[in-house]
Structure formats: structure tokens, C-alpha cells
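One structure is given below, encoded as C-alpha cells.
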Amino acid sequence: MELRTKLGAAAFLAAAAMATAAGCGGRDDDNPTPTPDAGCTGVCSTDAGSDAGTNTDAGTGDAGPTANQIAATRKVSFGTKATLRDVVVSGIHYEKLSDQGNGSWRSYFWVTDPAAPKEGLFIHKFYTDTPDAYHPQIGDTVDIEGFFGTEPNYSPFTGRRHHLANQQTPAVPLAITPKTTDAGTANLPPANEVTAEQLQASLAAAQNSAAYLGTRVHLAGPLTLTNPQPSQLQRLDNEDAGTLYYGFEVTGGILVYHDKTRSRTFSDGGSFEGCDFQKAALDGGSVTFPNGISGVWDTYTFAACTNGSSDITGCGNNDRDSGVPGTDQRYTYTIIPQGCEDLPGQVSLPE
């Protein structure tokens, strides 16, 4: 039996909208484990589910690396201005059209440098960043000018993730220059072919040196779903605490964050039928990925609600801190499939 479904555009957007919270700006002056990164400046918004607020809290200075530009950007000081040229949109984490009727988009996405395809970076575009009506499509070629920092430590799932974003004080928007649009996957650099051993080497590395970070990878098969409920991906706060896990583990101890592919029912009564291999495994099925799996390789962390809310995507505030459940790590790394096409799995049911 094979559970494989291709996400349509509407379903993809609905799934993506669940992927992360409305963020909030702030600082994280702790050294994240397992990395020796310095204290970082969070660059985000005070949106909290509405369209209010502006972004970031960064410093000054300008770094415009060209050779191995993303790798060089990851090594500059937080708050440094940096420019990426001719990078390609390689994944979409979250996007939302403003409810103010002004056509502005908020988008979180990844870019990869075709000249250095093992280098990628997360981009945080707020509604007021320029052009405000731009929302990324896979395969777009863009220039981006922004400030290097991290997602705030209390953002669920993305906390402490390196990114480019805008600056709050003084206000300087993230500037995106679309150069090639509507190119689709034909313009997308091929996924980096990796083994579990190669990804395992990243698990102990800092974000400024971890291999393949922020890029699409293809983890070679055959793989087996070895743990449908790894403790690192467990939800710890109010609703569904102890029963909801945001992904699963495959051969080699590699975590898969499956928010865009799991089946779910929404509060408005609607539903999304994905390729829910976690559920299949919990129902007694044996899940394999003969040809491996694909997705973006990047950080993962969990920030629990502290205000009694069960809405993980709407309780962002600086009273909470993120970490990896069951460990003393500030973040870990996961594969983030972009759709069921990235998870060509097979399920064998017990007789």
C-alpha cells in the first residue's frame, strides 16, 4: 500500500499557514546548544496573528559577500547588513496575505545560491518589506538586501534559525528585487544528495558551519520510519501535550518535521488529507521510503505557550523560551518536506 498525495496550491497554502507562528521581535543572549553561536538579535514582527507591528531589532554595518555569499553571510555579526545576489527561492515555510486589503504579503522562505548549491538561508519578509506585494514562488531568482540575525528564541519551530530580515531601529525594510519569476522548478538547483551519516555530522555543528543548512536535500534510500513519536518533536504545553508530535524519525536518527504533509482537521470544520506516515505507523503499519525522502534541512525548536492558550501559532511572547524537548539543546536540525511529493513512502499493514 502506498500513501502518496500531491498537494494542490490551496492545500499547500493551508498547510503552510499552520507551519509557524506570528513572530515577535526580541533578543536571545544565551549560547544555543549544540552551537557556539554568539548572543543573537531576533528579527521578526509583533504581528501575533494580525497585521500590526513592524520588524526587527538589528544593528548596523554592511557585508555584501559575493563568493560563497551565503556561507560568508552566516559568519558576519548579528545585525550586519548583507546582500545576496541571484539566489533562487528553494522552499516556502509560511505565507499570508494581509487582511488589510492592501495586497501585502508576509512570507517566510528559503533561498539557495546556484553558484554554491550547498548553501541556503531562511528569509523573513514582513508585510511592509519591499516590494510589499511580492510573495515568493519556487524557482524565483531574486536579489535580497537585509540584516543578518535569527528568528526570536520564543518563535515556535523556527526559533534561533539564522535569517535575513529587516531592521526595526532605525527602520530599514528588507529589500527584495525579483529578477526571474514564474520559472518553476526548472530554475531550482537539484537537491543535494546526502546520506544519514552526512546529516548526522551536521547535528553537532553550529549554524554558521553546518553542511547543507537551508538547502533542499535528498536523503538516499532505502529508509525506514523508525520512531513515529520522537521525544524531540513532542508538544509540551496545554492542548495535545504529550500526544502531539510534529514529525517522526527515520533511519540514522534523522528527524522529519511533517507539518506540511500530515493530515489534520481545522477549527472551521475543514480538513486536509495528507500523506500521514506517522499515523500509518501508529496504526501498526511498517513505513519505508525505498527511494529516500527530500526537503529543506534546517533548524527545529519548540516554544510552549505560557499564557494558557492552546493556539501554538498565536501565543508568541517573550515570556517563553524554545528548546528541544527531552534534551538540553536550544535547537536541532530536521528535514522539512515541502509536500507529499517529497515523501514517496510505502506502508505495509500487518496481516
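What follows is calculated from the coordinates using simple rules that are stated; it is not laboratory data. Treat the numbers as computed from the prediction; the structure is a model and nothing was measured. Cβ: placed from backbone, ideal geometry, glycine included. Neighbour counts: every protein chain shown.
Odds and ends about this structure:
- Between Ala175 and Gln137, the simple spin-label model (points 7 angstrom out along Cα→Cβ) gives 2.5 nm.
- Charge tally around Asn68: other residues with Cβ under 14 Å, Lys/Arg +1 each, Asp/Glu -1 each, net +1.
- Share of alpha-carbon pairs per 10 Å distance bin for region 217-279, given as whole %: 20, 48, 25, 6
- Cα gyration tensor category, rounded, prolate or oblate, for region 111-247 with a/c compared to 1.5: oblate
- Here the Karplus curve 6.51 cos²θ - 1.76 cosθ + 1.60, taken at θ = phi - 60°, turns the phi angles of region 75-80 into couplings of 9, 7, 5, 4, x, 7 Hz, with x standing for Gly and Pro.
- Phi to ³J(HN,Hα) by Karplus 6.51 cos²θ - 1.76 cosθ + 1.60 over region 346-351, Hz, x for Gly, Pro: 10, 10, 9, 8, x, 7
- Potential extension, Glu273-Thr185 segment - 0.36 nm per residue separation minus Cα distance: 29.3 nm
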